[in-house]
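One structure is given here, and the rest of the page talks about it.
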Amino acid sequence: MAKLITAREAAALIPDGATVAVAGMGLSGWAEEIACAVRDHYKETGHPKGLHLKQASALGDWGNGNNYIGWDRVRRDEPDKEHGARGATRFGEAGPGLITKWTSAHIGSAFTLCDQARAEQLESYCLPQGVIVNLWREIASGRPGLITKTGLGTFVDPRVEGGRMNQSAKDELVRVVEFNGEEYLFYPGFHVDVALLRGTIADENGNISFAHESMINEGLAVAEATKNTGGIVIVQVEYLAKKETLNPKEVKIPGILVDYVVKANDPMSCWQAEGDYWQPSFSGQIRIPLDEIKPIPFDERKVVCRRCAMELKKGDIINLGVGMPADVSKVVAEEGLIDEVTMSTESGMVGGVPSALPSFGSAYNPEAIITPNDMFDYISGGGLDVTVLGIGEVDKYGNNNVSRMGKRLTGPGGFIDITAATKKVIFAGTLTGHSKLRVGDGKLEILEEGDIKKFVDTVGQITFSGQFSPDTQEVFYITERAVFKLIDGKVTLIEIAPGIDLQKDVLDQMGFVPEIVKDLKTMDPAIFEETWGGLTL
């Protein structure tokens, strides 16, 4: 039977030098009250110190604070400064020394830890999200690690950077191996000392329900890996229940895997997602009318999303990335065709309308919610038809960097896993950064050119390798003023927006000269009109 303890008592259980595992995405699955207690305990006592934090997804709210109260999304006038930025950044608030190694797929939302990584105060590593969530299962089963082609040719490949995000990172977390005459990457397993997890309800035997969670995160695999390597599992919940009162099918982490339960005292530590304390259409309690989902504004972002939507076909199974790509689902919904395709997220949402920030990873009205472990099995096996992901930097070979931009550390998230196996890959973004544009009347006008070139001679880090893209994969780069396609290993211009000059507005804004098809087409002027209604699948 799991023991009920306080968050402060939980913090005191973590030994110096421990490998600490967490699970979830955004704030779903994040044990905020325990994390704050660990931070405070370290500041008061100097312990625990030297921890190795292991996570898969971005865990935090990107500094938004608690801007919403209740599931009806009542907006506050000002961010909640008392609670501030939440998530893994709490550990960094303790100052250097609490975390000395940090491995994740996505680190960008943990600002304080990123600051320490830039200052070389901790070792920082990034691996593909799907690799991490499924490596937990390999560890749990006693197998030596995970072997996969995911990551070949990217910065994760040990012949490139080996997933190291700063100079302090020296460990070898991935190796190249040969199997049946082909190259693979091998990601070794490791021991876990402590798991810090979160659910919604715990009964007296420690059985954990995810009733209000927006996703069924990898907590079960993390708990199994931790217990089977001799560690302890601590789970924060919002509610307690009598034993034998939970529906056994609703138990996502059985009590045999749970050593300690912490009932949160502060409900602000139990947010379902970054922007929602509880949105019941995320977790399946209700289905909301889709007209309650606010359309995105008419601007260059909407133009890009519309052009991306034109690449979809009826029956497609689609994954959308964070930022601009997530809004493609809203365009499809606005056009009344959301039922003609199936949207999905790497967090495990199937169907419905994926949410953009501030609650990315959740979905309104999903048809099914599976674990990210199972979703990445499907993704890595080639199940997706289309993915739309962001543009950071693109070079002439089609390499795309979204993981490290100068001093900005972000990580790949599921980017590497998804692009490695999806049939049609669409990278979406503006051609330059900080430009001022006018959209309307069937054309695009450049009012003031941006000061950041996104199409560059050499990318700072390879998150997607154009050279490793299989011949069977279609790769597009869709911007507001031009559409490119990877043809014969080269970025090739295939369409240009109406109303702009090819040389001045496109070619002069690139760090390389792309190939240009002989029959260069004009992007459909209709997508540059405020009202479209022209999407067909």
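On the accessible surface of the stretch 370-527, probed at 1.4 Å, how many percent belong to carbon and sulfur atoms?
Roughly 49 percent of what the probe reaches on the stretch 370-527 is carbon or sulfur.
List every residue whose amide H lies under 5 Å from the amide H of residue 236, counting only residues 5 or more places away in sequence or on a different chain, with H placed 1.01 Å from N in the peptide plane.
Residues meeting the criterion, in which the H sits 1.01 Å from N, are 197, 198, 199, 262.
Using a 1.4 Å probe, what is the accessible area per residue for the chain, in Å²?
On a per-residue basis, the chain sits at 39 Å².
Below 8 Å between Cα atoms, with a sequence gap of 6+, how large is the relative contact order for the stretch 141-245 in percent?
For the stretch 141-245, the relative contact order is 26 percent.
Quick check: pseudo-label points 7 Å beyond the Cα along Cα→Cβ at residue 147 and residue 451, how many nm apart are they?
5.2 nm
Amide H of residue 145: which non-local residues (sequence gap of 5 or more, or other chain) have their own amide H closer than 5 Å, using H built in the peptide plane?
189
Using only the alpha carbons, work out the radius of gyration and Dmax of the chain in angstrom.
Considering the chain through its Cα atoms, Rg and Dmax are 22.9, 71 Å.
Listed highest first by mean packing, meaning other Cβ atoms within 10 Å per residue, what order do 491-503, 336-348 come in?
Going from most to least packed, we get 336-348, 491-503.
Sort the following peptides by mean Cβ neighbour count (other Cβ atoms within 10 Å, averaged over residues), highest first: 266-275, 41-50, 124-133.
Ranking the peptides 266-275, 41-50, 124-133 by packing returns 124-133, 266-275, 41-50.
Report the calculated FRET efficiency for residue 285 and residue 526 (r = Cβ-Cβ distance, R0 = 45 Å), to the nearest 0.05.
So the FRET efficiency works out to roughly 0.70.
What are the ³J(HN,Hα) values, in whole Hz, obtained from phi via the Karplus relation 6.51 cos²θ - 1.76 cosθ + 1.60 with θ = phi - 60°, for each residue of the stretch 431-444 in sequence order, with x given for Gly and Pro?
5, 10, x, 6, 7, 10, 10, 10, 10, x, 6, x, 8, 10
Please work out how much length the chain gains when fully extended from residue 119 to residue 313, using 0.36 nm per residue of separation minus the C-alpha to C-alpha distance, in nm with one decimal.
65.2 nm
Read phi for every residue in the stretch 370-379 and hand back ³J(HN,Hα) as whole Hz from Karplus 6.51 cos²θ - 1.76 cosθ + 1.60, θ = phi - 60°, with x for Gly and Pro.
Running phi through 6.51 cos²θ - 1.76 cosθ + 1.60 with θ = phi - 60° gives 10, 6, x, 4, 5, 5, 5, 4, 5, 5 Hz.
Going by alpha carbons, how many degrees (0 to 90, nearest 10) lie between the helix axis of 219-228 and the longest principal axis of the chain?
50 degrees
Quick one: angle between helix 300-309 and the longest Cα principal axis of the chain, in degrees between 0 and 90, rounded to 10, please.
90 degrees
So what is the orientation-averaged projected area of the stretch 404-537, using the convex hull of its C-alpha atoms, in nm²?
Reported value for the Cα convex hull: 9.4 nm².
Can you pull the percent of the stretch 209-280's accessible area that's carbon plus sulfur, 1.4 Å probe, other chains left in place?
52 percent
Provide the per-residue ³J(HN,Hα) series for the stretch 202-208, in order, calculated from phi with Karplus coefficients 6.51, -1.76, 1.60 and θ = phi - 60°, each as a whole number of Hz, with x at glycine and proline positions.
Ordered by residue, 3J(HN,Hα) equals 10, 8, 5, 8, x, 5, 10 Hz.
How much length is gained on full extension from residue 471 to residue 241, taking 0.36 nm per residue of separation minus their Cα-Cα distance?
77.4 nm
Students often check this: by mean Cβ neighbours within 10 Å, which of 239-248, 99-108, 524-533 ranks highest, and how do the rest follow?
Highest mean packing first, the order is 99-108, 524-533, 239-248.
Using only Cα atoms and rounding to the nearest 10 degrees, what angle (0 to 90) does helix 32-45 make with the longest principal axis of the chain?
It is inclined by approximately 60 degrees.
The values are calculated or read from the model by the stated rules, or taken from the named source; none is laboratory data. Source: prediction; values computed, not measured. In this analysis, Cβ positions are derived from the backbone assuming ideal geometry, glycine residues included, and neighbour counts consider all displayed protein chains. Side chains are part of the model used for accessible areas, which takes the heavy atoms of the whole protein and leaves out ligands, DNA and RNA. Shrake-Rupley method; radii C 1.70, N 1.55, O 1.52, S 1.80 Å.
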